[in-house]
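Peer 1: Dropping the structure in here first, questions after.
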Amino acid sequence: MQTIRSVKKMQAVAWKIAAGKMKSALVPTMGALHDGHLTLIKRARKAADIVIVSVFVNPAQFGPKEDFKRYPRDEKGDLKKIKKAGGNIVFMPKAVEIYPADYETYVSVEKMSGVLEGVVRPGHFRGVTTIVSKLFNITRPDVAVFGMKDYQQAIVIKKMTRDMGYPVEIIIAPTVREEDGLAMSSRNRYLDEIGRWEAVCLFYALRTAQEMVKAGIFDTRLITREMQAVILATSPSAQIDYIAFTDKETLTTVKKVVKNTVCSLAVRLHGVRLIDNMKLK
Ligand code: PAF
């Protein structure tokens, strides 16, 4: 496995891979890797000859009051895990190379970035689409793999890829869950013992929604009410940022659950903000 820290070197290697007619897959990450990331790497392994994993905590996607400084970092551990999961190249650029002092160019998917997470985290997706676009330019992948756990992110990136004309196939891999159902996330490590126990409320709420839909209840107001009750029964101090029902591809809000409706939610508990989602139909 090769570790590359310079943009120039990564570009040169990417050109060589393309010239050798080899197919490459990119798995963009911010490090602090868990089993969810490793599943993305294994998925990429199936799709390409060469798997490139980028590890870069992207300052442009954090708001001024967010956790950029305290975001978990574990370079040594990440390298070991990537090697074990089958990564061939790890791209770990320095922030000054990605965003030099005079940097001023951003890529933004206008409408989709302003809903759901975009309401609570203005500018977040602009930061995500900018870095992913830069990573596409530097690593020239044929395929890029993202997790369904960050569903809106995956859809926004898919749209950016189409709108910008990148010849990159976007694969969205299923969410990996802990045994009790909590979606794996680097931010789970911020949870204290009680928070970790209560964090399963997001999964319980989504499962309730799924059961209601199976029972023929499609009204999103009724489903929302039940989900709120389930969350507060499990975590009485939880604050629900949103529970939303949207079309899987367009992120348009629906009032009744129909085919391809995804329910997503964001909840703050014990000082940690968690998101999750589930396709209902
Ligand atoms: O999902 C993440 O870890 C990040 O948002 C991504 C896609 C690596 C961009 O920084």
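Peer 1: GluC sites (Glu not before Pro) within the stretch 148-202: which are DSSP loop residues with at most 14 other Cβ atoms inside 10 Å?
Peer 2: GLU179
Peer 1: Still on this structure: Once label points are set 7 Å from the Cα along Cα→Cβ at both ASN137 and ARG187, what is their separation, rounded to one decimal in nm?
Peer 2: 2.9 nm
Peer 1: Amide H to amide H, which residues 5 or more places from ILE4 or on other chains are under 5 Å from it, using H placed in the peptide plane?
Peer 2: So ILE4 has HN proximity to VAL90, PHE91, MET92.
Peer 1: Hey, got the Cα dimensions of the chain along the principal axes, in Å, largest first?
Peer 2: Cα extents, longest axis first: 55, 38, 38 Å.
Peer 1: Separate question: Which entries of LYS159/LYS279; LYS42/LYS281; LYS46/LYS248; LYS16/LYS159 have Cα-Cα distances beyond 21 Å here?
Peer 2: Going by Cα-Cα distance, LYS42/LYS281; LYS46/LYS248; LYS16/LYS159 fall outside the 21 Å limit.
Peer 1: Which three extents, in angstrom, do the Cα atoms of the stretch 1-82 have along their principal axes, listed largest first?
Peer 2: Here the Cα extents, ordered largest to smallest, are 45, 28, 21 Å.
Peer 1: Then there is this: At most 14 other Cβ atoms within 10 Å and a DSSP loop assignment: could you name the trypsin sites (Lys or Arg not before Pro) in the stretch 79-174 that fit?
Peer 2: Answer by residue number: LYS94, LYS111.
Peer 1: Over the stretch 189-238, consider all pairs of different Cα atoms and compute the Kirkwood hydrodynamic radius from their mean reciprocal separation; express it in Å, one decimal.
Peer 2: With all distinct Cα pairs of the stretch 189-238 included, I get 11.4 Å.
Peer 1: Right, next: Using the Kirkwood radius over Cα pairs, work out the Stokes-Einstein diffusion coefficient for the stretch 150-281 at 4 °C and 1.567 mPa s, in µm²/s as a whole number.
Peer 2: 83 µm²/s
Peer 1: Under 5 Å between amide hydrogens, which residues at least 5 positions from PHE56 or on another chain qualify, with H placed 1.01 Å from N in the peptide plane?
Peer 2: It is THR29, MET30, GLY31, by chain and number.
Peer 1: Tally Lys and Arg at +1 and Asp and Glu at -1 over the other residues with C-beta under 10 Å from the C-beta of ASN188: what net charge comes out?
Peer 2: +2
Peer 1: Per residue of the stretch 87-97, in order, report the coupling 6.51 cos²θ - 1.76 cosθ + 1.60 (Karplus, θ = phi - 60°) as ³J(HN,Hα) in whole Hz, putting x for Gly and Pro.
Peer 2: Calculated HN-Hα couplings, in order: x, 9, 10, 10, 9, 10, x, 7, 4, 5, 6 Hz.
Peer 1: In nm, give the distance between the simple-model label positions of LYS84 and LEU222, each being 7 Å from the Cα along the Cα-to-Cβ direction.
Peer 2: 4.7 nm
Peer 1: While we're here: Full-extension gain between THR105 and MET1, please, as 0.36 nm times their residue separation minus the C-alpha to C-alpha distance.
Peer 2: 34.2 nm
Peer 1: Here's a follow-up. Counting only the backbone N, which residues of the stretch 29-55 are under 11 Å from the spot 7 Å out from the Cα of MET22 toward its beta-carbon?
Peer 2: Inside the label zone: 49-52.
Peer 1: Just the accessible area per residue of the chain, please: how many Å² with a 1.4 Å probe?
Peer 2: 50 Å²
Peer 1: Here's a follow-up. Rg and Dmax of the stretch 89-159, using alpha carbons, in Å: what are they?
Peer 2: In Å, with Rg to one decimal and Dmax whole: 12.9, 35.
Peer 1: A follow-up question, please. Computing the accessible area with a 1.4 Å probe over protein heavy atoms, can you report the carbon and sulfur percentage for the stretch 26-156?
Peer 2: 53 percent
Peer 1: Quick check on the stretch 41-198: take the gyration tensor over C-alpha atoms, sort the square-rooted eigenvalues as a ≥ b ≥ c, and tell me if it's rounded (a/c under 1.5), prolate or oblate.
Peer 2: rounded
Peer 1: At a probe radius of 1.4 Å, what is the per-residue accessible area of ILE217, in Å² to the nearest 10?
Peer 2: ILE217 exposes around 60 Å² with every protein chain in place.
Peer 1: Under a plain spin-label model, where a point goes 7 Å from the Cα along Cα-to-Cβ, how far apart in nm are GLN239 and ILE194?
Peer 2: Computed distance between label sites GLN239 and ILE194 equals 1.7 nm.
Peer 1: Within 10 Å, at most 15 other Cβ atoms, and a DSSP state outside H, G, I, E, B define an exposed site. Report the longest part of the chain free of exposed chymotrypsin sites (Phe, Trp or Tyr not before Pro).
Peer 2: That would be 107-281.
The values are calculated or read from the model by the stated rules, or taken from the named source; none is laboratory data. Just so it is clear, the model here is predicted, and its values are computed rather than measured. When we count neighbours, we look across all protein chains shown, and the Cβ atoms used for this are built from the backbone with ideal geometry, even at glycine. When the accessible area is computed, the model is the full protein with side chains, heavy atoms only, and any ligands, DNA or RNA have been set aside. Shrake-Rupley method; radii C 1.70, N 1.55, O 1.52, S 1.80 Å.
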